[in-house]
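One structure is given below, encoded as structure tokens.
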Amino acid sequence: MIRFGVYSGDPLAVERALEARLAELGEVERVVRFGDELPVGELLAELGTAGLFGGERALVVRRADPLARAEALVQALKAGPPPGTAVFFLGEDLRGPLAQAAQEAVHFPPPRWRQLRELAAELLAQAGLPPQRQLVELLAEACRGDTLHLAREVEKLALWRDGLPPWPELPRLLFFAEPTPYGFLGAVGQRQTPQALAELKRLLAGGWDPFRLFFMLVSHVRALLAARAAWEDGRTPPGPEWLAKRRLAQARRFSQPQLIELLEKLQELDLAIKTGVLTPEGALWSFTLALAP
């Protein structure tokens, strides 16, 4: 029985591997921790903690990439986890000393196009839905390689197990029918006003709730300010490494006072929305136009 596993790569494959190992363990206490928030010392203490009522426990460490080369952790686990404890590490790429010490270590590469289509057909069949070629192609293209999103959309379609809606209506049920806001937020962060205006027009035409979009914009500017402040203080910006790098690249296009000014502008617009002076859509246009030099 596997009691020390390290799984990384394709997120759906990782979750499936974890569920298989947990199923083998049977009824155990499950404890979830996050490796990018947990110091190694605290994790070692967690490993030595007994389960409730003396029972067995499974410690699942998600986002474990910062721990892949933690020497103290590797040394502590070389002989396996303590009695009564199973431990599983999940991440994007955990190949290294921790994986080498594990009882089982698998890195799952992202599926290629053919494999993605096969996975879509498999998930549809498991959900009791006909794996029609047209639907498989639609799902595989739309998920853009994100297998967890693919699985979620199949779960959504499973609500229509007794008969799927007519084909023209299917795209409206899937996550990709709604344009994503990241092009707009990215253009704002890169100070590309014409592109930001074009993306905003596309989102509103695609049916996005302008109130929801406005507060996503507020959150994005706050994140840029946090990234800029961390960088100026010599700290690593908060969040996963890939996201922190992206935010910092945008934040460095502004000075810290400029980002504070943008937040103040958004606060003024928020008040104008709440008092009925502006609609949320009008506030979005006003803010985006103000980005122009």
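For residue 236 and residue 127, what is the calculated FRET efficiency with R₀ set at 35 Å and r taken between the beta-carbons, to the nearest 0.05? Can you show the working numbers first?
On the way: r = 41 Å, r/R0 = 1.18.
That gives a FRET efficiency of 0.25.
Of 12, 28, 262, whose Cα points farthest to the positive end of the dipole of the chain (charges on the beta-carbon: +1 Lys, Arg; -1 Asp, Glu; origin at the Cα centre)?
262
Ranking request for peptides 256-265, 24-33, 116-125: highest mean number of other beta-carbon atoms within 10 Å first, then the rest in descending order.
On the way: 256-265: 14.7, 24-33: 12.6, 116-125: 18.7.
Highest to lowest by the protection proxy: 116-125, 256-265, 24-33.
Under a cut-off of 17 Å between alpha-carbon atoms, report the lysines in cross-link reach of residue 274, not counting same-chain residues fewer than 8 places apart.
Once the sequence-local lysines are set aside, what remains near residue 274 is 265.
Between residue 108 and residue 42, what FRET efficiency follows from the Cβ-Cβ distance if R0 is 25 Å, with the result rounded to 0.05?
For residue 108 and residue 42, the calculated efficiency is 0.35.
Taking only Cα atoms, what is the 0 to 90° angle, nearest 10, from helix 210-232's long axis to the longest principal axis of the chain?
Approximately 70 degrees, to the nearest ten.
Nearest 20 debye, what's the magnitude of the dipole of the stretch 182-289 about its Cα centre given +1 on Lys and Arg Cβ and -1 on Asp and Glu Cβ? It would help to have the intermediate numbers written out before the result.
On the way: 14 positive and 10 negative charges, 69 e Å.
It comes to approximately 340 debye.
Can you tell which of 250, 58, 148 lies farthest toward the positive end of the dipole of the chain, using +1 and -1 charges on the Cβ of basic and acidic side chains (Lys, Arg; Asp, Glu)?
250
Just to verify a number: FRET efficiency for residue 15 and residue 202, C-beta to C-beta distance, R0 = 35 Å, to 0.05? Let's see the in-between values first.
On the way: r = 33 Å, r/R0 = 0.94.
The pair residue 15/residue 202 has a calculated efficiency of 0.60.
Using only the alpha carbon atoms of the chain, find the Kirkwood hydrodynamic radius as the inverse mean reciprocal pair distance, in angstroms to one decimal.
For the chain, the Kirkwood estimate is 22.4 Å.
Before anything else, pin down the relative contact order of the chain: Cα pairs under 8 Å, at least 6 apart, normalised by residue count, whole percent.
Once divided by the residue count of the chain, the mean separation gives 15 percent.
Read the figures in this text as sums done on the coordinates, not as results from a lab. Only a predicted model underlies this, so the values are computations on that prediction, with no experimental measurement involved. Here the Cβ is made from the backbone with ideal geometry for all residues, glycine too, and neighbour counts use every protein chain on show.
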